[in-house]
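Novice: This structure is in C-alpha cells; I'll ask about it shortly.
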Amino acid sequence: MKTKLTTALLLAAGLMVGCNETSKEVDNAEDVRDIASADTAVMYEDNNLMAGSALEADEEVFKEVNFNAPEIEDAELTNAGVGVRGTDTYRIYSLGEDILFDTDKAELRSNATEKLQSVVDDIKERDRQSTIRVYGYTDSRASADYNKELGMERAKSVEGWLLQNGQFDESSLKVVSMGEQNPEATNATAEGRQQNRRVEIVVVDKPNQ
C-alpha cells in the first residue's frame, strides 16, 4: 500500500512539474526551443516513447538526434525552400506547411514535389545507408487529438511520396506524428503558428558494420 501511494505521489509531482514547465511564459523562439528540448528529452526516455507512434524502443540512434542541431549551409536546399540542420551522422530537413500543403489539408501540393526531390537528391548524394523518419507537426489551434491525426496524415503523405519517388527501402522509412508538440515558435502569433506547421525528415546514418 505504501509503495502504491509513493508511486502515485511521484506521478502527481511529475505532472505538476510538467505543467509548470510547459505553461511558463515565453518571449521568443529561443525560449520555445529550450522548452521543446526538455520535452524531447522526456519523450525519448525509455518509458516515455510516444505511445502509438512508429518510433520503436530499440532505435537507440534516434534518441541521440538533437533537434536543435546547428544549421547546415546548402545553397541548393535553401533555394528550394528547405531548411537543413544536423551533424556528420544525421540531417534534419524541415519543410513548412505553406511549401507542402494547403491549410488544414494533408494532400501534397503539386509544387511540393520539387522541394521533396531536392531532399531526396541530397540524401542520395551523401551515399550512405540511412534510416529515415518523417515527423508531422501542427500549430496548437485545434484539439490535441485532431492535431495528432493531422500531423500523422501529413507525415504519411510525405512518406508515401518518398517511397514512390525516392526508391528507398520501405523498412528504412517510418512516420511519427508530433501534432502540436515541440513548437518552433510561439503559437500566440500568426507568424509563429506558421513556423510550427511543418514536416521534418530526419535521416540518420547507419553505423558501419
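Novice: Please count how many residues of the range 132-150 are within 10 Å of the chain's Cα centre (by Cα) and among the hydrophobic types (A, V, I, L, M, F, W, C).
Specialist: 1
Novice: Let me ask something additional. Cβ-Cβ distance below 9 Å, separation of 6 or more or different chains: which pairs start in the range 93-105 with a residue that is within 16 Å of Arg133 (Cβ to Cβ) and end on one that is of a type outside the set (Gly, Ala, Ser) and assigned to a loop (DSSP other than H, G, I, E, B)?
Specialist: Listed pairs, sorted by first residue: Tyr93/Val82; Ser94/Val82; Ser94/Glu184; Leu95/Val82.
Novice: Which residues, counting only those in the range 180-197, are within 17 Å of Lys105 (Cα to Cα) and modelled with pLDDT under 90?
Specialist: Of everything in the range 180-197, those that are within 17 Å of Lys105 (Cα to Cα) and modelled with pLDDT under 90 turn out to be Arg193, Gln194, Gln195, Asn196, Arg197.
Novice: State which residue pairs qualify: first residue over 18 Å from Gly160 (Cβ atoms) and inside the range 171-185, second residue assigned to a strand (DSSP E or B) and of a type in the set (Gly, Ala, Ser) in any location, beta carbons under 9 Å apart, and separation of 6 or more residues or different chains.
Specialist: Pairs that qualify, where the first residue is over 18 Å from Gly160 (Cβ atoms) and the partner is assigned to a strand (DSSP E or B) and of a type in the set (Gly, Ala, Ser), are Met178/Gly136; Gly179/Gly136; Glu184/Ser94.
Novice: Evaluate the following for Thr78: is it free of Cβ contacts under 8 Å to residues at least 24 places away in the same chain, within 29 Å of Thr189 (Cβ to Cβ) and among the β-branched types (Val, Ile, Thr)?
Specialist: For Thr78, the condition - free of Cβ contacts under 8 Å to residues at least 24 places away in the same chain, within 29 Å of Thr189 (Cβ to Cβ) and among the β-branched types (Val, Ile, Thr) - is met.
Novice: Here's something else I'd like to know. Search the range 74-103 for residues being touching a helix residue (DSSP H, G or I) at 6+ places or on another chain (Cβ under 9 Å) and assigned to a strand (DSSP E or B), and hand back the single one that is surrounded by the fewest Cβ atoms within 10 Å (Cβ to Cβ).
Specialist: Per the criteria, the residue is Gly83.
Novice: Taking the options Ser94, Ser130, Ser140, name whichever one is hydroxyl-bearing (Ser, Thr, Tyr) and closer than 21 Å to Ala75 by Cβ.
Specialist: Ser94 is the lone residue from the list that is hydroxyl-bearing (Ser, Thr, Tyr) and closer than 21 Å to Ala75 by Cβ.
The values are calculated or read from the model by the stated rules, or taken from the named source; none is laboratory data. Since the model is a prediction, treat every value here as computed from it, not as a measurement. Ideal geometry is used to build each Cβ from the backbone, glycine not excepted, and the neighbour counts take in all protein chains shown.
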